[in-house]
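Okay, here's the structure, questions in a sec.
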Amino acid sequence: MSKKIVIVGAGVAGINAATKLVDNGYPGHLITIIDMGKDPHKRLPSEVMTGMLGAGGWSDGKLTYHTAIGGQLSKYCGEDKAMELMDQVITNFKRFHPKPEEVQCSNPVAEPDFIKPHFGLRLFPVWHVGTDYLLEIAKNWYEYLVDKGVDFHWETKVTDINFSKQILRFSDPNMLCIYDELIFGVGKSGIDFGKQLAEKYDLPTEPKSVQIGVRFEAPQHHFQNLIDISYDFKLYRKFDNKGVSLRSFCTNNNAAYVAVEETYGNSTYNGHAKKDERYRNDMTNFGIIMELNGIEDPFTWSREVVKQLQSIDDKGLYYSPSRKPSLTSEGEQVEAFQVSDTDMISVRKTFQGYFRYIDDFIDDMKKVFPTLKDDWGMYIPEVKYLSPEPLVDYANLALTKYPNVHFVGDALSARGITVSGAQGIYVAEDILKYK
């Protein structure tokens, strides 16, 4: 007999899991998806963090096609299987895309000499879906799952899960939901909830690093020599003796815009790029993210730093030697409080000495890209919250203590659309073996 499956989170992990199930004959009416956000017909462009396809599937649209980036995948299932799973995620995005022929893959192969010796350059294939199309993809995908009988509960927050009794409870005390198999894919907005459950059930976990930095923005022409080689370039450097590494992250060009993310009541920053030439602004933005190891309780440390980096009116911060905050794709100024050189003294203190690595990163970019000079700005902070990763069965990503509870996506320390979706499909394939 088929089991009742509940998926917490309608991000790329949960949606890909549900799609794999119904594509293979699993009864849609036995699948329930619960999400704090709105369905794609009601979700506003500014509601980045929750809702259909989660944060990445709503505002990014770049699918990294390699197992060395975006979190753990091949360690669970091996390199060949990991690539097969990512192929399925990419196929799904094309399948629900209104213009699948416009989905293109960039695959740079050689690091240019002018980058050396200041930075390493990681070169990976990337599929470009196009931010403009994400809303239509979300609608098409949603309608497909609804037609298959999948039951969605929007604007619904899960407040507790009893793993022993297999019961979910909600902010409405009169509601509860019973499951046979649970797929826990809460995304960035639910990292704290996952941490609470790990502590409540004393789940064995693997500690993760701090991932924090800034969203850097400048006119595109400064970086054009590198963009011509690698659109989504990833500069990096490591200081192994300090437990610190840095990377540029999620590069956007041509029609590139900075986006505010509201996470746990605080403002942080990310970026996205439009495909439509009408939005072209000839800007480039990317994260400069530090990975900090050896910090006790990285999640709490990150949360406290982010709280201290909020302005009086609860906005994030913006610093530039010469520029003003830019505009969003809707033509409004990006919400940020502009700080002075004097204010930056306090900002640097908040990072507890680590900001000097970002300063050095920017100074070396000026050497590699000599026209850059002071023609740039940065939005503070950008953060990737990672709670301790629960130990799972490699065969199906189930908790070692509760074999019918599967953690996927950001809840399992994935850091990308492709890896998150692949984890969801991997779990669904295991469930299909026993339907």
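The values are calculated or read from the model by the stated rules, or taken from the named source; none is laboratory data. Note that this is a predicted model, so its numbers are computed, not measured. As a convention, Cβ positions derive from the backbone with ideal geometry for all residues, glycine included, and neighbour counts pool all protein chains shown. For accessibility, only protein heavy atoms count, side chains too; no ligands or nucleic acids. Shrake-Rupley method; radii C 1.70, N 1.55, O 1.52, S 1.80 Å.
I'd like the accessible area for Lys20: 1.4 Å probe, protein heavy atoms, all chains in place, Å² to the nearest 10.
For Lys20, solvent-accessible area is about 40 Å².
Enter the accessible area of Ile31 (Å², nearest 10), with the probe set to 1.4 Å and all protein chains included.
0 Å²
So, one more: Which entries in the list Lys238/Lys384; Lys99/Lys275; Lys3/Lys38 go over 21 Å, if you measure between the two C-alpha atoms of each?
On the way: Lys238/Lys384 18 Å; Lys99/Lys275 12 Å; Lys3/Lys38 26 Å.
Check vs 21 Å cut-off fails for Lys3/Lys38.
Select one label from (i) 59, 53, 44; (ii) 66, 46, 40; (iii) 80, 52, 37: the one whose number is Cα extents along the principal axes in Å as derived from the coordinates shown.
So the structure-derived entry is (ii).
Helix 355-368 versus the longest principal axis of the chain: what is the Cα-based angle in degrees, 0 to 90, to the nearest 10?
Its long axis makes an angle of about 60 degrees.
Report the extension gain between Glu296 and Glu84 in nm, rounded to one decimal, defined as 0.36 nm multiplied by the number of residues separating them, less their alpha carbon distance.
72.7 nm
List the pairs from Lys81/Lys274; Lys20/Lys401; Lys315/Lys349; Lys81/Lys401; Lys20/Lys81 whose alpha-carbon separation is above 22 Å, in the order I gave them.
Working: Lys81/Lys274 32 Å; Lys20/Lys401 25 Å; Lys315/Lys349 19 Å; Lys81/Lys401 25 Å; Lys20/Lys81 15 Å.
Check vs 22 Å cut-off fails for Lys81/Lys274; Lys20/Lys401; Lys81/Lys401.
Going highest first, how would you order 391-401, 346-356 by mean Cβ packing within 10 Å?
Numbers: 391-401: 17.0, 346-356: 14.7.
Descending packing order for the listed peptides: 391-401, 346-356.
Which ³J(HN,Hα) values in Hz, rounded to whole numbers, follow from the phi angles of segment 11-26 under the Karplus curve 6.51 cos²θ - 1.76 cosθ + 1.60, where θ = phi - 60° and Gly and Pro get x?
Working through the residues one at a time gives x, 4, 5, x, 5, 5, 4, 4, 5, 4, 5, 6, 4, 10, x, 5 Hz.
Next up: With every protein chain present, what is the per residue accessible area of segment 172-273 (1.4 Å probe, Å²)? Please list the in-between numbers first.
Values: 3640 Å² over 102 residues.
Roughly 36 Å² per residue, with all protein chains present.
Antiparallel DSSP bridges in segment 304-431: what percent, to the nearest 5? Write down the numbers at each step before the final one.
On the way: 6 of 8 bridges.
Roughly 75 percent of the DSSP beta bridges within segment 304-431 come out antiparallel.
Tilt of helix 79-95 relative to the longest C-alpha principal axis of the chain, in degrees (0 to 90, nearest 10)?
Roughly 90 degrees between the two axes.
For Gln352 and Glu143 in the same chain, what is the full-extension length gain: residue separation times 0.36 nm, less their Cα-Cα distance, in nm? Before the final figure, lay out the partial values.
On the way: separation 209, 0.36 × 209 = 75.24 nm, distance 4.78 nm.
Net length gain for the segment: 70.5 nm.
State to the nearest 20 debye the size of the charge dipole of segment 311-435 about its Cα centre, where the only charges are +1 on K and R beta carbons and -1 on D and E beta carbons.
On the way: 14 positive and 19 negative charges, 64 e Å.
Computed charge dipole of segment 311-435: roughly 300 debye.
Could you check the spin-label model distance between Glu304 and Tyr434? Points 7 Å from the Cα along Cα→Cβ, value in nm.
Label-label distance for Glu304 and Tyr434, simple model: 4.2 nm.
From the cross-link list Lys62/Lys139; Lys188/Lys307; Lys188/Lys366; Lys208/Lys307, which pairs have alpha carbons spaced over 28 Å apart?
Working: Lys62/Lys139 18 Å; Lys188/Lys307 16 Å; Lys188/Lys366 33 Å; Lys208/Lys307 20 Å.
Listed pairs above 28 Å: Lys188/Lys366.
While we're on this one: Taking the 0 to 90 degree range and rounding to the nearest ten, how far is the long axis of helix 417-432 tilted relative to the main principal axis of the chain, both from C-alpha atoms?
That works out to roughly 10 degrees.
Let me ask you something else. Grab the beta carbon distance between Arg237 and Asp113, set R0 = 22 Å, and tell me the FRET efficiency rounded to 0.05. Spell out each step's value before the answer.
On the way: r = 17 Å, r/R0 = 0.76.
Here the calculated transfer efficiency is 0.85.
Here is a further query. Extension gain Ser322-Lys75, at 0.36 nm per residue separation less the Cα-Cα distance, in nm? List each step's numbers first, then the result.
Values: separation 247, 0.36 × 247 = 88.92 nm, distance 4.53 nm.
Separation in residues times 0.36 nm, less the Cα-Cα distance, equals 84.4 nm.
Quick one: if you take sqrt(5λ) for each eigenvalue of the C-alpha gyration tensor of segment 264-406, what semi-axes come out, biggest first, whole angstrom?
Taking √(5λ) for each Cα gyration eigenvalue gives 32, 21, 17 Å.
Separate question: Given +1 on the Cβ of Lys and Arg, -1 on the Cβ of Asp and Glu, and no further charges, what dipole in debye does the chain carry about its Cα centre, rounded to the nearest 20? Kindly include the intermediate steps, with their values, before the conclusion.
Details: 49 positive and 59 negative charges, 72 e Å.
About 340 debye.
While we're on this one: Quick one: order Asp341, Asp359 from most to least accessible surface, probe 1.4 Å.
Working: Asp341 105, Asp359 35 Å².
Sorted by accessible area, descending: Asp341, Asp359.
Taking just the alpha-carbon atoms of segment 228-333, what radius of gyration and Dmax come out, in angstrom?
15.9, 47
Testing the spin-label approximation: label points 7 Å from Cα along Cα→Cβ at Glu155 and His29. State their distance in nm.
Output for this residue pair reads 2.7 nm.
Which one of Met52, Asn266, Asn404 has its Cα pushed farthest toward the positive end of the charge dipole of the chain, where Lys and Arg give +1 and Asp and Glu give -1 at the Cβ?
It is Asn404, whose Cα lies furthest towards the positive end.
Moving on. Name the shape class, rounded, prolate or oblate, that the alpha-carbon gyration tensor gives for segment 309-354, where a ≥ b ≥ c are the square roots of its eigenvalues, rounded holds for a/c under 1.5, and otherwise prolate holds if a/b is larger than b/c and oblate otherwise.
Since a/c reaches 1.5 and a/b is larger than b/c, the shape of segment 309-354 is classed as prolate.
Return the long-range amide H neighbours of Thr284 (sequence gap of 5 or more, or a different chain), with a cut-off of under 5 Å between placed amide H atoms.
Residues meeting the criterion, in which the H sits 1.01 Å from N, are Ala218, Gln220.
Related question: Take the solvent-accessible surface of the protein heavy atoms, probe 1.4 Å, and return the percent of it on the chain that carbon and sulfur atoms account for. The partial results should precede the final answer.
Working: 8490 of 17570 Å².
Roughly 48 percent of what the probe reaches on the chain is carbon or sulfur.
Under a no-solvent Debye model with one identical scatterer per Cα of segment 1-122, what's log10 I(q)/I(0) at q = 0.09 Å⁻¹?
Debye curve over Cα of segment 1-122, log10 I(q)/I(0) at q = 0.09 Å⁻¹: -0.35.
Hey, another quick one. How big is the accessible area of Glu102 in square angstrom, nearest 10, if you roll a 1.4 angstrom probe over the protein chains?
Roughly 60 Å² of Glu102 is accessible to a 1.4 Å probe.
Cut-off under 20 Å on the C-alpha distance; same-chain residues fewer than 8 positions from Lys373 excluded. Which aspartates and glutamates are left, in chain and number order?
Answer for Lys373, where 20 Å is the Cα cut-off: Glu217, Asp282, Asp341, Asp359, Asp360, Asp363, Asp364, listed by chain and number.
Suppose only helical runs count, i.e. DSSP H with n ≥ 4. What mean residue ellipticity at 222 nm does that imply for the chain under -39500 (n - 2.57) per run, divided by all residues and rounded to the nearest 500 deg cm²/dmol?
Numbers: 11 runs with 116 residues, N = 435.
It comes out at -8000 deg cm²/dmol, rounded to the nearest 500.
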